[in-house]
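Below is one structure, written out as structure tokens; the observations come after it.
The values are calculated or read from the model by the stated rules, or taken from the named source; none is laboratory data. Bear in mind the structure is a predicted one, so any value in this text is a computation, not a measurement. For neighbour counting, all protein chains shown are included, and Cβ atoms are generated from backbone atoms with ideal geometry for every residue, glycine included.
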Amino acid sequence: MSIFDYAIQMENEGAAFYRELAEKSPNSSVQQVLRMLAAEEDKHAAVIRAMAAQQPAGAETEAADVLANAKNIFRRAKEFGEKFVTETDQIHLYRQALEIEQKSRAFYLDRADQAERPEHKQIFERLAEEEGRHEELLENLIELVSRPKQWLENAEFFHPEEY
């Protein structure tokens, strides 16, 4: 299996995992965010397929602002009074997704270091950066479902204070 095939498989599995999580989530806002992450993973797979075919990656390499989009989703949920149901098995699955994103980021950073073509290095670095944003989003999602009342009081990302 080539490195490109491996990366495409990794992204396809990630997208499927996010879609499965979305189906299991009791919260419509969380479902939206998980579907957004699945779509991001689909875009990553498309970029890698283009690299493997030695075609320009095109617009798929443009960074999506997943954090801002998720923030808007949760802000609207708060405005409409959506209740966030917390289920411990969901938290476990979100932590598992976080680990996957961390491994993906490390994988792309490693591939960037080993890339022979400058354009491949740049794309791998961009993918690693996007996986880092996914990590950040999942960390906030874990915090939201772990402490929904406190999180929604101040629906901003980055809650460094200890509870």
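Within the range 1-86, which helices (runs of 4 or more DSSP H) (wholly inside it) include 3 or more residues that are under 17 Å from Ile142 (Cα atoms) and at pLDDT below 85?
Values: elements: 3-24, 28-52, 66-79.
Per the criteria, 66-79.
Quick one: is Gln32 more than 30 Å from Glu119 (Cβ to Cβ), without any contact (Cβ under 8 Å) to a residue 60 or more places away in the chain and not small (Gly, Ala, Ser)? Break it down stepwise before answering.
On the way: more than 30 Å from Glu119 (Cβ to Cβ): yes; without any contact (Cβ under 8 Å) to a residue 60 or more places away in the chain: yes; not small (Gly, Ala, Ser): yes.
Yes; evaluated as a whole, the condition is true for this residue.
Does the range 109-163 hold any residues that are part of a helix (DSSP H, G or I) and modelled with pLDDT under 80, and which are they? Step through it out loud before you land on a result.
Let us first name the residues in the range 109-163 that are part of a helix (DSSP H, G or I), namely 109-114, 118-146, 148-153.
Result: Leu144, Val145, Ser146, Pro148, Lys149, Gln150, Trp151, Leu152, Glu153.
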